Structure formats: C-alpha cells, structure tokens
1. Obtain the nm distance between the two label points defined at residue 127 and residue 90 by a simple spin-label model: each point lies 7 Å from its Cα along the Cα-to-C-beta direction.
2. What is the fewest-to-most order of 106, 20 by other Cβ atoms lying within 10 Å of their Cβ?
3. Counting other beta carbons within 10 Å of each residue's own, what order do 45, 186 fall into, fewest first?
4. Can you list the residues, at least 5 places off or on another chain, whose amide H is less than 5 Å from the amide H of residue 174, using H built in the peptide plane?
5. Using the Karplus equation 6.51 cos²θ - 1.76 cosθ + 1.60 (θ = phi - 60°), what ³J(HN,Hα) coupling, rounded to whole Hz, does each residue of region 38-44 give in order, writing x for Gly and Pro?
Amino acid sequence: MPGLLLADASGRLPRADARRNAERLVSAARVAVAEVGVGVSAHEIARRAGVGVGTFYRRVPSLEALLRAVLDEVLDDLLAAADRSLEDPDAWAGFAAFATAYVALRTESCGIAEALGGACGDALADRLSGLGDRLRRLVERAQEAGVVRPDVPWQDVPFLLAAASTNARTLGLRPSDRQWERNLRITLDGLRARQAGPLPGPLPGKAPEAESRATTG
C-alpha cells in the first residue's frame, strides 16, 4: 500500500490527511505514467493530484520513491488478478484473464521497473517470486487440461506477454489504441491448440511523419 511505502524511516505511518495526500499522489502518478510515460515530472503529478509541489516533497522522498510505490501497487493488482484466475474452474478462461490483466497493467506501467533498474529489486523480490509461482500454476493447469500447448515451458510465457505490451513504433507505423489487445490475441491464439479468434480493435496506422512524407512526396 502507498502508506507503507511512504512511511518515515521509523516505519510510522503519516497522519490521516497526509496519508490521503500520499494516496492521491500515487493514484495521480499511476495515471500520469500511463498517459505520459516514466519521464513525467513531479510538477505534473502534483498538478494532477491537486496538491502543491511542496506537499509532493513533504509526502514523497523523491520521484523515484513514488514510482516504486506505483510499481508496488501494480504488482499487488497483478497478484490479486492471478489469485482470481486460479480460482476460475475453467483453466483456459483463468489463464486468459490473467494474461489480459498482465499485459494491460504492464502497458499501463510504461516501463517503471526498467526505469528504476535495480533500485527496487530486493524490496519487490517476494512479490515477483509469488507472481512467477502463480503464473507457473496457471500455465501448468491449462496444459494439464489440454488447452495450452504442452511444448511451451511456463518460463517462456512472461516474455511472450511482455512482448505483447509494446507500444513502440516500427516501420513507420504507430500502434493503435488497442494494439496490446491485438498483440495479446495473436499470442493467446498461438498458445492455444485450436481455432484462432478474431482480432480486437483497428489495424495499426501510419505514424504522422510517415503520412506527411507520403503527402509531400
């Protein structure tokens, strides 16, 4: 929770009003990162949270600490999604639901983990280990039910899902707003040993600069 990550050195939580400000900052940072990326400034996050920059730095030691809090919250959401998926009696539905949550939240977090590098590795190691264990169980359960290809080790799956979350431009094309959903559908169809389903959302479009060159050329 944000309050725990933003507690002082003694581990004490801030007052209720200060805790609310911290939670607003984490929520605002999460939305800002999804819309702007990890390069978002402290001023922009404070503006979105409706607080001054002075309040930002009283509640948060640094922008890096706030990004760690956002990542912590995202991982908590992923762990909860994995637990719900494991409770689903339909092995494929459970696996696909977690895959969707994983790619959506990874897309939303816009590379926070990579931006922080090793700064939060030890603190979040238990959550990452727990998430990996849940994914392994989801994959193995689906394979035992005969709905996921048996030749795919579970360790390959997080890389496949991570690849589906990319928003990078390529070959003069920009991703559509639902590109991650299209990528994920292709990935899931490749993992499932039966007929493929229709792709969601529109095709990728030309990047603006490519359109400009085509018009002027």
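Computed from the coordinates by the stated procedures, all read-outs in this text should not be read as laboratory data. Only a predicted model underlies this, so the values are computations on that prediction, with no experimental measurement involved. All Cβ positions, even for glycine, are placed from backbone atoms using ideal geometry, and neighbour counts span all protein chains on display.
1. Computed distance between label sites residue 127 and residue 90 equals 3.0 nm.
2. So the residues, fewest neighbours to most, are 20, 106.
3. 186, 45
4. Residues meeting the amide H criterion: 205, 206, 207.
5. 6, x, 4, 8, 4, 4, 5
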